[in-house]
Amino acid sequence: MYNDNQKIYVRGGCRLEGEVSLDGSKNSALSCMVAACLVENGEVVKLQNVPDVSDVRILMEILCGLGKTVEYEENTLSLSGRITNCEVPAYLAGKLRGSTYCLGLLIGTIGKAMVGLPGGDAIGERPIDIHLQGMSMLGMRYTLHEDYVEAECSGRLKGAEIYLRFPSVGATCNLMIAAAKAEGRTIIDNAAKEPEIVDLANLLCAIGVRVTGAGTDRVVVYGTSQVRGNIAHDIISDRIEAGVLLTSVAITGGRLTLRNSTPYHYNSLLHQLRLAGVKVDTEENTVYIDGANCKDAMRVTCMPFPGIATDMQPQFAVLCLQCEGESVITDMVFPERFAYVKELNKMGAGIKRKGNSISVIGKSGLTGTAVTGNDIRAVTALICAGMIAEGETVIDGMVHLNRGYHNIIDKWRSLGANIEIR
Ligand code: UD1
């Protein structure tokens, strides 16, 4: 990891080419780390393929604060011990969105929680009302304070039938974790279907919790007091890192072989790349692309899975800058995720926003300048913009890159990008 205060210097004019391998999914690692803490009988849960990113490190600190023992070596996390404390301090919780999962964990295990409100990215409002409504159905009572939520329940949570007003990834994970030790069966309808939900369900099954329907919009969790450890679980590869790498190569008109990947986790993205003129071939764990003919304007709509992930939205904006004519990108998940547009416009992009959509006119030409990446996905988009800009782009936002990507700068350099950190 680089120092959070360092800046990223990118020189334009490269064409990326080569082969890289994906790391484990940051988002999946976060929910699985918390779920692993459901095991309190002294047995160890090992999570493998965990990326070394600062969100993981901060969550480790939070879980240690709750009384758990957490060790991290060579991408393997070992979690054991008991929960002895019900407090997640606001200053730590505020650093990442995944900290909310501690609410489900604490209320489901010790029946008491004081959890700081989650942070994460500056991508618009990020309420937790869906989490709180669902947990109330399971028997949790809560008071919302300015920067934390205080919650309790008497005895075990009780399984219930819950409908989510939006298929929130975080609420689905949180409720699955809470329901794991509840009495009886919990049905989560209109559940999120993202691959990270399936990964979490697989971990829960491995520790003895029966879960069905993960990956569909009805997830059923059969609560048990008999969870067990002594298992090892492999975190899935990071489909967002896959999308960032694939689009960055297409943006530069280059060629990539992407290993350790699961293409069906981002079929919608591959489909969109094909429509733009990128040649895409897939095998079970490998994707090959050739972006030499990427030039056709697109209409991109970011939606819950299996749609194109909202996290990919800024990447597509840069890709559209390389296409001919007008492209339109709409975000149905985070309608305010457009702070990066102002930064791209400083580079000469001329992108216009209307509601939850932007219009991008391609081939307008970018010039390197100083820009700021305010969230984890904006910063990679600005780096990619730097790759096609004239001259040097200086990007402030290392703190966000550290949060979510293990060694993406090295990966880009190995493909021929001209990036310096200082
Ligand atoms: C997770 C991912 C994030 C990804 C997002 C959507 C993690 C740590 N982060 O975030 O990278 O972009 O899924 O795939 O896994 N909402 C509410 N009330 C709630 C919860 C959500 O109104 O209680 C709204 C949000 O403001 C947003 C939408 O629902 O507009 C989707 O949010 P959600 O799926 O919950 O995203 P996160 O879990 O926060």
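The values are calculated or read from the model by the stated rules, or taken from the named source; none is laboratory data. All figures in this text were calculated on a predicted structure; none of them were measured in a lab. All Cβ positions, glycine included, derive from the backbone under ideal geometry; neighbour counts span all protein chains shown. Keep in mind that these areas ignore ligands, DNA and RNA; they rest on the heavy atoms of the full protein, side chains included. Shrake-Rupley method; radii C 1.70, N 1.55, O 1.52, S 1.80 Å.
Values for this structure:
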item: Long-range neighbours under 9 Å by Cβ, at least six apart or interchain, first residue crowded, with 18+ Cβ neighbours inside 10 Å within the range 53-65, second aromatic (Phe, Trp, Tyr); result: 53/405; 56/72; 59/101; 60/72
item: Selection from the range 240-256 of residues that are in a helix (DSSP H, G or I), touching a helix residue (DSSP H, G or I) at 6+ places or on another chain (Cβ under 9 Å) and either on the phi > 0 side of the Ramachandran plot or not charged (D, E, K, R) (or both); result: 240, 242, 243, 244, 245, 246, 247, 248, 250, 251
item: Any hit, the range 54-69, residues being closer than 29 Å to residue 319 by Cα and either away from the ligand (no atom under 16 Å from the Cβ) or not charged (D, E, K, R) (or both); result: yes
item: Qualifying positions in the range 82-98 - open to solvent by 20 Å² or more (accessible area, probe 1.4 Å) and either closer than 20 Å to residue 227 by Cβ or more than 16 Å from the ligand (Cβ to nearest atom) (or both); result: 82, 84, 85, 86, 87, 89, 90, 91
item: Matching residues, the range 143-182, being in contact (Cβ under 8 Å) with a residue 40 or more places away in the chain and of a type in the set (S, T, N, Q); result: 154, 172, 174
item: Any hit, the range 180-189, residues being near the ligand (Cβ under 10 Å from one of its atoms) and under 13 Å from residue 133 (Cα atoms); result: no
item: Pair list, Cβ < 7 Å and 6+ apart or interchain, from the range 222-247 residues that are among the acidic types (Asp, Glu) to residues that are assigned to a loop (DSSP other than H, G, I, E, B) and open to solvent by 30 Å² or more (accessible area, probe 1.4 Å); result: 234/49
item: Lone unmet requirement of (1) open to solvent by 30 Å² or more (accessible area, probe 1.4 Å); (2) under 26 Å from the mean Cα position of the chain (by Cα); (3) more than 10 Å from the ligand (Cβ to nearest atom); (4) of a type in the set (Val, Ile, Thr) for residue 177; result: (1)
item: Unique match (being surrounded by fewer than 17 Cβ atoms within 10 Å (Cβ to Cβ), within 16 Å of residue 306 (Cβ to Cβ) and not polar (S, T, N, Q)) among 264, 222; result: 264
item: Subset of the range 284-298 [over 22 Å from residue 364 (Cα atoms) and either at pLDDT 95 or above or surrounded by 14 or more Cβ atoms within 10 Å (Cβ to Cβ) (or both)]; result: 285, 286, 287, 288, 289, 290
item: Residue list for the range 388-421, filter: modelled with pLDDT under 95 and of a type in the set (Lys, Arg); result: 403
item: Residue 343, sole failed condition from (1) among the acidic types (Asp, Glu); (2) open to solvent by less than 40 Å² (accessible area, probe 1.4 Å); (3) in a loop (DSSP other than H, G, I, E, B); result: (3)
item: Filter result for residue 141 (over 16 Å from residue 37 (Cβ atoms), more than 11 Å from the ligand (Cβ to nearest atom) and modelled with pLDDT of 95 or more); result: yes
item: Tally of residues being open to solvent by less than 10 Å² (accessible area, probe 1.4 Å) and away from the ligand (no atom under 16 Å from the Cβ) across the range 369-382; result: 2
item: Flag for residue 385 being under 16 Å from residue 317 (Cβ atoms) and either buried (at least 22 other Cβ atoms within 10 Å of the Cβ) or at pLDDT 95 or above (or both); result: yes
item: Filter result for residue 280 (part of a strand (DSSP E or B), surrounded by fewer than 21 Cβ atoms within 10 Å (Cβ to Cβ) and among the aliphatic types (A, V, I, L, M)); result: yes
item: Test: residue in the range 101-118 that is at pLDDT below 95, within 12 Å of the ligand (Cβ to nearest atom) and not aromatic (Phe, Trp, Tyr); result: yes
item: Given (1) open to solvent by 10 Å² or more (accessible area, probe 1.4 Å); (2) more than 19 Å from residue 405 (Cα to Cα), index of the condition residue 239 fails; result: (2)
